[in-house]
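Asks: This is the structure, below, for whatever I ask next.
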Amino acid sequence: MTVWDDVVGQEAAVAALQGAVANPAAMTHAWLVTGPPGSGRSVAARAFAAALQCPQGGCGVCQACTTTMAGTHPDVTLLATEKVVITIDEVRDLIMTASRSPSGGRWRVIVIEDADRMAERTTNVLLKVIEEPPPHTVWVLCAPSAQDVLPTIRSRCRAVVLRVPPPQAVADLLVRRDGADPAVALTAARAAQSHVGLAKRLARDAGARERRTAVLSIARRIRGVGDAVLAAGELVDVAKAEAVSATQERDAVEKAELLRALGVADGETLPPRLRSQLKQLEDDQKRRATRHQRDVLDRAMVDLLSLYRDVLVVQLGAEVELVNAELADTVRALAADSTPEQTVRRMDSIGVARTRLDGNVAPLLALEAMAIALRPQG
């Protein structure tokens, strides 16, 4: 077992990272790990950080490896935002951390997940330290593609590109690591389009599989504008409910911990001088909930895209596997009721809705427009 075992289907990328660990001449101070969602960017970044700290290059069992992978190594810092954007203050804190020498490890490693969530002003703050890095400091940035970060940043980083892993490789990982049933694991890997995290959730959570099936049923239920409006409202309501479910308990714990740290007893009125700290926490929690809601909606749209991809495959007679093989009857029915041109237009409407959602358009408006475009055309 090594730290690289969970980086599935990425042989070329792993070879490049292992080469840098083993050969100082191949090492550099800044890396940009890119790949589609679910390809394992953060997993690869953590494995690389562990290998840099490990005397054996990532054995997976020593203290350096286990603490790095657990997120507790003192010389490895991970920034994984749960908000819509990475703030400039968070990056400034990282720069302060990067300026310090390693306390015991071989390197000080800074990993930034979702580096594409930095605004240009924030990225510019990071630029100088990447141009003139402190000795023994390594920056590892993760983003969906090189185009998602500023040219000034990517030109100073060595690129490692991940690909979409094969579904069978993801399924094998779920069976080996999580004890999933092989058949369920393969179905989940295909449905998740090889997104490792989503495949794990689908393989382990029957409720998640049912919610996905309900989202895909929208394609058959929409017969007119009224149906489209109702379907859009359902999607938004489900996303809001999931966001509340995922964050409510954590929000309460964070609030209780803050009040305890401020010396405020249960039921005691918060002094005016401390209210700004509570307000900051509540604002952060709202941003986290907003991002979670957007992520749920975006995933629903990706699932719908996969369904219409299958419809197009059937319509064109392509000899490739269906993503949603368990819904083959639905796919064939949709294919028979429309033309390839109509399917492409529907896929385009989903893509437009994703772009609008990313641009802060009100979710309900974006989804209503999308759903209306999915109705049967005469």
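Asks: How far is it, in nm, from the label point at residue 260 to the one at residue 155 when both lie 7 Å from their Cα along the line to the Cβ?
Replies: Taking the two extended label points, one gets 5.1 nm.
Asks: In the chain, how many lysine pairs have Cα atoms under 28 Å apart, counting only pairs 8 or more places apart or on different chains?
Replies: 13
Asks: With n ≥ 4 as the cut-off for DSSP H runs, can you work out [θ] at 222 nm for the chain, using -39500 (n - 2.57) per run divided by the number of residues, rounded to the nearest 500?
Replies: -19500 deg cm²/dmol
Asks: Still on this model: For segment 304-378, what does the relative contact order come out to in percent, with C-alpha contacts under 8 Å and a separation of six or more?
Replies: On the way: 55 pairs, mean separation 22.7, N = 75.
Value for segment 304-378: 30 percent.
Asks: Here's another thing I want to ask about it. Picking from 80, 292, 232, whose Cα lies most toward the positive end of the charge dipole for the chain (charges on Cβ: Lys, Arg +1; Asp, Glu -1)?
Replies: In the chain, that residue is 80.
Asks: Could you report the accessible area of residue 326 in Å², rounded to 10, computed with a 1.4 Å probe on the protein chains as they sit in the structure?
Replies: 100 Å²
Asks: Helix 167-178 versus the longest principal axis of the chain: what is the Cα-based angle in degrees, 0 to 90, to the nearest 10?
Replies: Its long axis makes an angle of about 60 degrees.
Asks: Which of the chymotrypsin sites (Phe, Trp or Tyr not before Pro) found in segment 1-80 are in a DSSP loop and have at most 11 neighbouring Cβ atoms, other than their own, within 10 Å?
Replies: Qualifying residues, ordered by number: none.
Asks: Ignoring ligands, DNA and RNA, please state the percent of accessible area on segment 211-340 from carbon and sulfur, probe 1.4 Å. The partial results should precede the final answer.
Replies: Numbers: 3890 of 7200 Å².
For segment 211-340, the apolar C and S fraction of the accessible surface comes to 54 percent.
Asks: Sticking with this structure for a sec: Would you list 163, 260, 108, 211 from the most to the least accessible area, probe 1.4 Å?
Replies: Details: 163 120, 260 160, 108 10, 211 100 Å².
Ranked list, largest accessible area first: 260, 163, 211, 108.
Asks: Provide Rg over Rh for segment 88-227; use the alpha carbon set for both Rg and the Kirkwood Rh (inverse mean inverse pair distance). Walk me through the numbers on the way to the answer.
Replies: Working: Rg = 20.9 Å, Rh = 18.5 Å.
Radius of gyration over Kirkwood radius for segment 88-227 works out to 1.13.
Asks: How much accessible surface does residue 374 have with a 1.4 Å probe, in Å² rounded to 10?
Replies: Approximately 0 Å² of residue 374 is accessible to the 1.4 Å probe.
The values are calculated or read from the model by the stated rules, or taken from the named source; none is laboratory data. Just so we're clear, the structure is a prediction, and the values are computed from it rather than from any experiment. Cβ: placed from backbone, ideal geometry, glycine included. Neighbour counts: every protein chain shown. Remember, those area values only see protein heavy atoms, side chains included, never the ligands or the DNA or RNA. Shrake-Rupley method; radii C 1.70, N 1.55, O 1.52, S 1.80 Å.
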